[in-house]
Amino acid sequence: MFGEVNGTHGVWGYVRGGMGRISFAMAASAEAHGAVIRTNSPVAKILVHNGRAEGVRLENGEELRADTILSNADPKRTFLQFCADAELDKGFLKRISHFKTESGVIKLNIALKELPSLKCIPGTEPGLQHAGSLEISPTPDWVQEAFEDAERGELSRKPYIEAYMQSATDPTVAPAGYHTISMFCQYAPYHLKGREWSDEVKNEMADRIIATMTEFAPNFADAVIDRQVLSPIDIEKRYGLTNGNIFQGEITPDQLFSLRPAPECARYRTPVEGLYLCGSGSHPGGGVMGAPGHNARKHC
C-alpha cells in the first residue's frame, strides 16, 4: 500500500465524520485564502479563442473569464465535451477517446443494526476485525472467475468485495447502537451484454453481494436495515465520471506517467494554452492524496 497517515507509511486512515469532511476542510482553507467557491454551477463549455482558454460558460449561460483554467473533470469530459468546438488536433482527440475509462465497480452503502460476526473471528462488538479493510477474495480462482464473468458482459456470480466499517472506529457516522459499512465490489460491467442497467439489475447484484458477505459473516443479511446501491451508471451521472470510473481512467502501465492521459498533457498542460488538468485523469491517478492537483499547480 502506498498510503501514509500522520507520518506512518503503508496505511490508510478513516476521516472522522466521513470522507466528505476532507472536501469541507479544503473548502474552508481555500476560502480563508480568498477563493470563491461556486456550487450548483455546472459548466457547459470551456471558452477557447485562438487556441487559448479564456474562461468557462455555465449551463445557465453565465460566462466567467480567467487567465488560467484548471479542469478537475476527467479528460474525456474536458476535451470531448467542454472543448468540443475548440478545433483540437484530431490525432489528440482520438488518443483521448481511446483513454480507457471502463468500470466494473458497484458501490453499496449499508446501514446495519450490528457489525458483521465473521466466521473466522466471531463477535459483533467493535474489534480489530472491524477496524480495517475487509477483503472477500479467498482464492486467485475466485477473483479470476469474477473477472471472467465481467469479460462476458455479465455480473460476477461471486463478486470480489472490499468493505469498510467506519462506525467501528468513528461513532459519529451512525446513531448509537447502529453501524455503517461501505462496500466497493467487482465486477459489475458498465456495458452489460443483452441488458441495461435498471433498479432490477442493481438489486440483483446487491443481493449477490449481500449473500456472498453472509457466507463469511452469517448474521450479515439479517443485520441490514437499508442500502444504497450505486451502479457504474449512477456513479457516472452523480459525479460526472465517464463510464463510472472512480479514477477517471484505468491506472495501468500504459496510462501512467507521460501517457496519462496523453503525451500532449504530460506536464498537466494541455494543447489549449492556459488550460491545465488537475484531476485523477492525470498522473499519478486517483486516491485521496491530491498529487495531481499539487503537481498541476507547479506547472501553471
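What to note about this one:
- Among residues that are open to solvent by less than 80 Å² (accessible area, probe 1.4 Å), part of a loop (DSSP other than H, G, I, E, B) and not aromatic (Phe, Trp, Tyr), Ala86 is included.
- Look at the range 30-44: where a residue is closer than 16 Å to Asn72 by Cα and a partner is in a loop (DSSP other than H, G, I, E, B), sitting 6+ places away or on another chain with Cβ atoms under 7 Å, you get Ala30/Ile37; Pro42/Glu59; Ala44/Glu59.
- Looking across Val11, Val48, Val15, one residue alone is in a strand (DSSP E or B) and not aromatic (Phe, Trp, Tyr). It is Val48.
- Every test in (1) touching a Lys or Arg at 6+ places or on another chain (Cβ under 8 Å); (2) among the charged types (D, E, K, R); (3) assigned to a helix (DSSP H, G or I) is passed by Glu54 save one, and that test is (3).
- Candidates in the range 93-109 are the residues that are under 15 Å from the mean Cα position of the chain (by Cα) and outside any loop (DSSP other than H, G, I, E, B); of these, the one that is nearest to Arg260 (Cα to Cα) is Val105.
- Boolean, Gly17 is modelled with pLDDT under 95, more than 24 Å from Tyr239 (Cβ to Cβ) and of a type outside the set (S, T, N, Q): no
- Single condition Glu63 does not satisfy, out of (1) in contact with a Leu (Cβ under 8 Å, 6 or more places away or on another chain); (2) acidic (Asp, Glu); (3) surrounded by fewer than 11 Cβ atoms within 10 Å (Cβ to Cβ): (3)
- Extreme residue, farthest from the chain's Cα centre (by Cα), among residues of the range 2-49 that are loosely packed, with under 12 Cβ neighbours inside 10 Å and at positive phi: Gly34
- Tyr276 being of a type in the set (Ser, Thr, Tyr) and either touching a Gly at 6+ places or on another chain (Cβ under 8 Å) or more than 17 Å from Glu102 (Cβ to Cβ) (or both): yes
- Residues being of a type in the set (D, E, K, R) and closer than 23 Å to Pro42 by Cβ - total across the range 216-240: 4
- Residues that are open to solvent by 40 Å² or more (accessible area, probe 1.4 Å) and in contact with a Pro (Cβ under 8 Å, 6 or more places away or on another chain), drawn from the range 258-283: Glu264, His283
- Scanning the range 284-300 for residues that are open to solvent by less than 50 Å² (accessible area, probe 1.4 Å) and either farther than 25 Å from Arg52 by Cβ or touching a Phe, Trp or Tyr at 6+ places or on another chain (Cβ under 9 Å) (or both) turns up Pro284, Gly285, Gly286, Gly287, Gly290, Ala291, Pro292, Asn295, Ala296, His299.
- So Thr39, is it of a type in the set (S, T, N, Q) and in contact with a strand residue (DSSP E or B) (Cβ under 9 Å, 6 or more places away or on another chain): no
The values are calculated or read from the model by the stated rules, or taken from the named source; none is laboratory data. Note that the structure is predicted; figures quoted are calculated from it, not measured. Backbone-built Cβ (ideal geometry, glycine too); neighbour counts: all protein chains shown. Please note that ligands, DNA and RNA were not included when accessible areas were found on the heavy atoms of the full protein model with its side chains. Shrake-Rupley method; radii C 1.70, N 1.55, O 1.52, S 1.80 Å.
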